[in-house]
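Heads up, the thing below is written out as structure tokens.
The values are calculated or read from the model by the stated rules, or taken from the named source; none is laboratory data. Fair warning: this is a prediction, and the values are worked out from it, not measured in the lab. Counting neighbours? That spans all protein chains shown, and the Cβs are built from the backbone with ideal geometry, glycine included. These area figures cover heavy atoms from the full protein model, side chains too; ligands, DNA and RNA do not enter into them. Shrake-Rupley method; radii C 1.70, N 1.55, O 1.52, S 1.80 Å.
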Amino acid sequence: RPFEWLTSPESLLPIVRSALVANSADSTCFLPSQSTVGGGCRVLHVGSGSSVLGEYLLEHEDELFDTATTQQPQNCQYSFISQLVNVDKDQETLDTMKVRWEKLRRQHQSQCSTCQISEANETDGETDTATASTRSCLIDARFNRLEFCGTDLSQQGIPYPNASFDLVLDKSTLDCTLCSDSATAWLLHEVYRLLRPQDGTYVLISFHHLELLYPLLQNCPGMNWTVSHSVMDRHIEDLDRSKNNNTSNKNPTALTQQQTVSFETAQSPTTSAEYSNRRTVHVLVARRVPEQKVDTNDLNLEAIIQHVHDTNDDWYKAQHPMLTAERCQGIQHEFQTNGTGNPPQLSLPQCYQALFTDEERDHLSYEYFLEDWHAFVEQRKTLVPPEESIEETTKGTISTDSMTLDIALSFLEEMQ
């Protein structure tokens, strides 16, 4: 049964349409195969699962490009989707969705007079390809454009050449990888590699905080793209067309509201106040800056992994700081009350109790605390120039069995 993460395909139609519009009218940098306005758009849907987003875009192609009225979005260089690839690591789910797609095709063919005439001609042995072409059903032809690819994005690449796609859609797949630096890095690496260097576009729909997502994309090493941001309301409904749901007319208000979404470049994104109670989701559009090369040798996977780790770390420290003013006051009180010597010092068992809350100690045993402490001491020793003492560079004495207040606060900051 189809399942949609975060929001419905219907709500994404105007967003996908906006993403297909080039940043400017300059098309001189387009690849030769895409230099003519009105060509086909190649779309990759990463982490598709059982989503029907790919199906929906193909079935609503006329609305996406306004081919029925010949009024394409301004500067849009495409007139149809020439290829749409669903990629996911769950091969069983992909197989199920492929069977579903074929079932929808058979249903269409059984109801389409053009398809029935074409089939009858084939049965009668008609071999005139020109006649067959003019009689072919355009809707039926769309069923050939949806492909399914099983691959684990967290461990391996997507088996397509560089610059294979014009648009990559990601509906919360990046969200699912953020618990693993390498998995996130692999995903971003493959997305950028597969986008064509002339305005190839990555559309990310995410429930994570903008303060994490924006620098994750904008500052990713080796990736030359511009990132814009907007917020959209979630729109959830059942898109199982086997129940004869007509989603394009079921809730036209929701679609109209989404047409007002703009994609101005985000300026110093510092707050997600509007993002509350999971009623909205973030939409980030990363568009590759036009380049005259397709080479992706500038992408260093290890550097991307480190970037993901550092960005996650910086965001977590900002959102959940350990050294709050209240906490520092409490630790200072412990040293002034129970410390011995000048400056006051606490033993390591005392520090373990003073520095961490009961909840934190449930996750950090005393043995692990000691391992972190000894690693901290060794790191500080390696940073001390030979002509200086440890005491001079750390404003306190580092020993293996006690801490001063300054050292304790430095240790706690390092722990985060």
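Any idea how far apart MET322 and ASP233 come out in nm if each label point goes 7 Å out from Cα toward Cβ?
Taking the two extended label points, one gets 4.3 nm.
In segment 180-205, which residues have a backbone nitrogen under 20 Å from the label point lying 7 Å from GLN155's Cα in the Cα-to-Cβ direction?
180-191
What spacing in nm lies between the two simple spin-label points modelled at ASN342 and ARG361, each 7 Å away from Cα in the Cβ direction?
Computed distance between label sites ASN342 and ARG361 equals 3.1 nm.
At 1.4 Å probe radius, can you tell me the per residue accessible area of segment 154-225 in Å²? Please report the intermediate quantities before stating the final value.
Details: 1870 Å² over 72 residues.
That works out to 26 Å² for each residue.
Each label point is 7 Å from the Cα along the Cα-to-Cβ direction; what then is the distance between the points at CYS112 and SER182, in nm?
With each label point 7 Å from Cα toward Cβ, the separation is 4.5 nm.
Averaged per residue, what accessible area in Å² does segment 286-369 show with a 1.4 Å probe, protein chains only?
Numbers: 5280 Å² over 84 residues.
Value returned for segment 286-369: 63 Å² of accessible area per residue.
Quick one: with all protein chains in place, what share of the accessible area of segment 284-347 is carbon or sulfur, to the nearest percent (1.4 Å probe)? Don't skip to the end; give the middle numbers.
Values: 1820 of 3890 Å².
Ligands and nucleic acids excluded, carbon and sulfur give 47 percent.
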